[in-house]
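Here's the structure, in structure tokens; my notes come after.
The values are calculated or read from the model by the stated rules, or taken from the named source; none is laboratory data. Quick caveat, the model's predicted, so the values are computed rather than measured. Using ideal geometry, Cβ is built from the backbone for each residue, glycine included, and neighbour counts are taken over all protein chains shown. Ligands, DNA and RNA are excluded from the accessible area calculation, which covers all protein heavy atoms including side chains. Shrake-Rupley method; radii C 1.70, N 1.55, O 1.52, S 1.80 Å.
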Amino acid sequence: MTPSFESKICEPAALAARAKALARPLVFTNGVFDILHRGHVTYLAQARALGAALVVALNSDASARRLGKGDDRPINALEDRMAVIAALESVAMVTWFEEDTPIERILACRPEHLVKGGDWKVDDIVGAKEVAGWGGKVHSIAFRHDRSTTKLLSRIRT
């Protein structure tokens, strides 16, 4: 039997149609979310609290590798990362992008809130101009826990 959370995984081509069925205001964020940790789940819960539903777009494996985090990254394949994110209560839908940025996914679902972590300046967030242009808000959420997959992997490897 397939777990019900897997129904939250959405092909990019179906995102626009499926996003229309989600409760509004819609919140959108993106990232690699490779090895899930407390920082990730806290951030996603905070993002979800900004609206009625949260869409998370994950970097594909190739897109994640182009971020320069290391040749062996991501550790977990896209399918596994999507399943873990979809299983979270705070997440309404998960999709992915092959490109270097999620701009096409942002345009497809037209969120009222665009969110990234506190290491991003609002003006540098991909899609900020577009979301603000249709009356949405852009947020940079401060980190509550100093955690990162890169730091975790460094600890494991030493």
- Message: Students often get this wrong, so try it: which of (1) 14.9, 48; (2) 18.7, 65; (3) 19.5, 64 is Rg and Dmax of the Cα atoms in Å as calculated from the structure shown?
- Response: (1)
- Query: So if R0 is 25 Å, what FRET efficiency would ARG66 and TRP134 give, r being the distance between their Cβ atoms, rounded to the nearest 0.05?
  - Reply: 0.30
- Can you give the net charge of the other residues whose Cβ lies under 12 Å from the Cβ of ARG18, counting K and R as +1 and D and E as -1? +2
- Item | Zone residues, segment 38-82, relative to PHE143, backbone N less than 17 Å from point 7 Å out along Cα-to-Cβ | 38-47, 68-70
- Note on the structure: Ordered by number, the trypsin sites (Lys or Arg not before Pro) in segment 92-124 that occupy a DSSP loop and have at most 14 other Cβ atoms within 10 Å are LYS121
- Taking springs between alpha-carbon atoms closer than 10 angstrom, which of THR42, THR95, THR29 fluctuates most in the Gaussian network model of the chain? THR42
- Nearest-20 debye value, the chain charge dipole, Cβ charges on Lys, Arg, Asp, Glu: 500
- Calc'd 3J(HN,Hα), segment 70-75, phi into Karplus 6.51 cos²θ - 1.76 cosθ + 1.60 (θ = phi - 60°), Hz, glycine/Pro = x, comes to x, 5, 8, 9, x, 5
- Computed FRET efficiency, Cβ-Cβ of ASP100 and ILE9, R0 25 Å: what is it to the nearest 0.05? 0.70
- For the chain, with all protein chains present and a 1.4 Å probe, just round the carbon and sulfur fraction of the accessible area to a whole percent. 52
- Indicate the gyration tensor shape class of segment 57-115 (rounded, prolate or oblate), computed on the Cα atoms with a ≥ b ≥ c the square roots of the eigenvalues: a/c under 1.5 is rounded; otherwise a/b larger than b/c is prolate and the rest oblate. oblate
- Task: Determine the alpha carbon to alpha carbon distance for each of LYS69/LYS116; LYS116/LYS137; LYS20/LYS129; LYS8/LYS121; LYS8/LYS116 and list only those over 23 Å.
- Result: LYS8/LYS121
- Which residue fluctuates the most in the chain, going by a Gaussian network model with Cα springs under 10 Å, if the choices are LEU44, LEU54, LEU36? LEU36
